[in-house]
Every structure is written in structure tokens, then in C-alpha cells.
Amino acid sequence: MARKPTITIVGAGSLANALAPALAAAGYRIDRILSRDGSSSRRRARALARRVGGKAAALGTPVSSGILWLCVSDDAIRPCARALSREGSWEGKVVLHSSGALSSDELAPLRRRGASVASLHPMMTFVPGVRVRMSEVPFAVEGDRAAVRLARRIVRDLKARVFPIAKSKKALYHAFGSFSSPMVIATLVMAERVAAAAGVPARMRRNVMLPIVRKTFSNYLEASAAKAFSGPIARGDVNTIRRHLRALRKVPGAREIYVALARSALRDLPVRNRGAVAQILKSG
């Protein structure tokens with residue numbers, strides 16, 4: 001088997017802290033963790049470097065490894081690429097970034113210096129202190145042929161799945177991820193606010209929500225969206241929907257979210273008494 005190339009990672013945030021140890025466990029050597037020149041950034045980089053047996057260095061340090069992987073915010077990708085392109089040789093190197101919304105063209109400054117570039121995005125939520133099994137993460141890839149080929153190899157070594165995504169569809173693809181995780185959290189937080197208005201004690205709210213949330217996701221995953229969909233909108237219970245709309249005026253923002261989601265259900269899910277429900281959502 002060919003020797004695995006060495007990887008330099010830029011950034012030491014939640015993604016890098018999940019990715020670097022997984023790459024090391026898959027047999028890749030992480031030589032450096034590059035960071036901005038700030039005390040907190042340097043501290044995080046040193047801590048991550050110790051975990052993976054590499055060294056911490058400042059952004060702008062010449063890159064000697066065959067692969068550079070940017071694990072930074074979307075707004076930082078192109079400035080990082082410009083800064084890195086001013087140092088060292090990039091011929092024959094592969095550069096990856098992990099933005100879900102931006103294409104590999106953000107790495108154009110490095111491409112112009114001879115690097116092969118790609119975006120390799122993990123469709124997963126990464127938050128501090130929560131471990132993620134990379135083998136369970138699907139990755140979307142697009143970019144130059146050589147970089148895509150290597151990116152696919154890395155994902156296979158992580159025992160994960162990879163699929164292609166078109167550059168022109170990246171924003172929609174990333175919005176798909178937003179609906180799948182942070183928007184779900186936003187909906188649950190609004191549910192807690194409605195529970196508070198209903199008088200459910202704070203210490204009980206999540207425990208009351210937990211069984212129905214778990215069962216809903218289980219039904220969705222094991223059956224289908226249509227079979228998992230229940231409640232007054234599914235039943236076409238117009239009087240209950242009207243009561244909901246009236247009561248939700250007491251919770252700022254809740255009624256607007258309820259109406260938007262109910263209209264989405266009318267488009268995509270089985271709803272009885274559809275015309276009457278639509279009329280209440282329009283006028284109620």
C-alpha cells in the first residue's frame with residue numbers, strides 16, 4: 001500500500017479537533033496545526049498539535065506537507081489562501097477546504113501557484129466537547145480532478161462515505177444542512193418558549209419534549225415523513241389550529257414559525273381538509 005501523505009491543518013476549532021485525531025487514527029501524519037497570531041488561537045493550536053503528535057505554527061509558515069486542509073470559517077478561506085500563496089512552492093500539492101456553502105474556487109490563489117484544490121465538506125454538526133465518529137459522516141466533494149481523487153481516498157480511509165456536489169449547488173446543499181441541524185435546534189428552542197408560556201416548569205421542559213422528539217425522529221427515519229406526520233394539521237382539525245394561532249400571539253415569533261411550517265406541510269405532507277386549513281393559515 002502506498003504511504004499516506006502528510007497533512008497540515010489550518011485552524012484549531014471544533015471541526016479541526018474532530019478531524020485531525022480521526023486522520024491520525026487512519027494513518028495520516030499531521031505535521032503542523034497552523035493558526036492565526038492570537039493568544040487563544042495559538043493556545044488551541046498547541047493543544048490540538050499535542051493530541052495528534054504534530055507541531056503548532058503561525059499561519060504563513062511554509063507548508064512542506066503534500067496536503068493542506070483549511071478548517072476555518074467561510075469568510076477566512078480566501079484570505080487564508082491568499083496569505084498562504086505568498087509562501088513556498090505549491091506545485092503538486094493538494095489543498096482542501098471544508099465549507100459547505102463555498103466552492104473550491106475560493107482556493108484560486110493557491111491553484112494559480114500550482115496546487116490542485118477541492119472542497120470536502122462533512123455534513124455533520126461539530127460543537128465543543130462532543131465527540132463525532134467520522135466513519136458516520138457523509139462528505140460532499142467537488143474540485144480539481146487530482147484533489148478530488150485524493151479527497152475520496154481520505155474519506156475511504158476514514159471509513160466514511162463521499163458523494164459529488166456541483167459548485168453551483170453548494171449554497172442550496174449547505175441550506176439543506178442548516179434545515180437538518182441548526183434550524184431543528186431553533187425550532188426546539190421556540191418549543192421551549194411556548195412551553196414556558198403554557199406554564200410548564202423550566203426543569204421539566206426538555207424532559208417533557210424528549211419522548212415525543214425521539215419518537216418523531218424514529219418514525220421519520222424508520223418509516224417515512226408522511227407516516228411520521230401527525231397532529232391537528234395532519235388531521236385537518238381547523239378549530240384546534242385556530243386556537244393555536246390565537247394562543248401563539250402571546251409568544252413573540254412563534255405564530256409566524258407555526259404558519260410557515262404549516263404551509264410547508266400543506267405542500268409536502270398528507271393533510272386532511274386541506275382547503276380549510278389553507279384558508280385558516282391565510283386569514284387566521
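Observations on the model:
- Restricting region 71-94 to residues that are of a type in the set (Val, Ile, Thr) and touching a residue at least 40 places away in the same chain (Cβ under 8 Å) leaves a set whose member that is farthest from Ile30 (Cα to Cα) is Val72.
- The criterion of at least 1 residues that are free of Cβ contacts under 8 Å to residues at least 24 places away in the same chain and out of contact with any His (no Cβ under 8 Å at 6 or more places or on another chain) is met, among helices (runs of 4 or more DSSP H) falling completely within region 200-284, by 205-222, 225-228, 238-247, 254-268, 274-283.
- Of all residues in region 241-251, those satisfying the criterion of being surrounded by 11 or more Cβ atoms within 10 Å (Cβ to Cβ) and under 20 Å from Ala196 (Cα atoms) are Ile241, Arg243, His244, Leu245, Arg246, Ala247, Leu248, Lys250, Val251.
- Test: residue in region 16-37 that is in contact with a Phe, Trp or Tyr (Cβ under 6 Å, 6 or more places away or on another chain), under 23 Å from Arg156 (Cα atoms) and in a helix (DSSP H, G or I): yes
- Residue count, region 1-53 (criterion: in contact with a Pro (Cβ under 7 Å, 6 or more places away or on another chain) and polar (S, T, N, Q)): 1
- Residues (hydrophobic (A, V, I, L, M, F, W, C), under 17 Å from the mean Cα position of the chain (by Cα) and assigned to a helix (DSSP H, G or I)) located in region 134-151: Met134
- The set of residues in region 14-31 that are surrounded by fewer than 22 Cβ atoms within 10 Å (Cβ to Cβ) and either within 18 Å of Gly60 (Cα to Cα) or of a type in the set (S, T, N, Q) (or both) comprises Ser14, Asp31.
- The set of residues in region 153-169 that are in a helix (DSSP H, G or I) and within 15 Å of Gly27 (Cα to Cα) comprises Arg153, Ile154, Val155, Arg156, Asp157.
Here's the yes/no breakdown for (1) within 13 Å of the chain's Cα centre (by Cα); (2) touching a residue at least 24 places away in the same chain (Cβ under 8 Å):
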residue	(1), (2)
Glu106	no, yes
Val117	no, yes
Val132	yes, yes
Arg153	no, no
Pro164	no, yes
Tyr173	yes, yes
Ser178	yes, no
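- Screening region 169-215 for residues that are out of contact with any Ser or Thr (no Cβ under 8 Å at 6 or more places or on another chain) and hydroxyl-bearing (Ser, Thr, Tyr) and picking the one that is surrounded by the most Cβ atoms within 10 Å (Cβ to Cβ) gives Tyr173.
- The lone exception for Arg43 - which of (1) part of a strand (DSSP E or B); (2) more than 17 Å from His121 (Cα to Cα); (3) not acidic (Asp, Glu) it fails: (1)
- Gly38, sole failed condition from (1) touching a strand residue (DSSP E or B) at 6+ places or on another chain (Cβ under 7 Å); (2) without any contact (Cβ under 8 Å) to a residue 24 or more places away in the chain: (1)
Only the coordinates and a few stated rules stand behind these numbers; no lab work does. Fair warning: this is a prediction, and the values are worked out from it, not measured in the lab. Don't worry about glycine lacking a Cβ; one is built from the backbone with ideal geometry, like all the others, and counts go over all protein chains shown.
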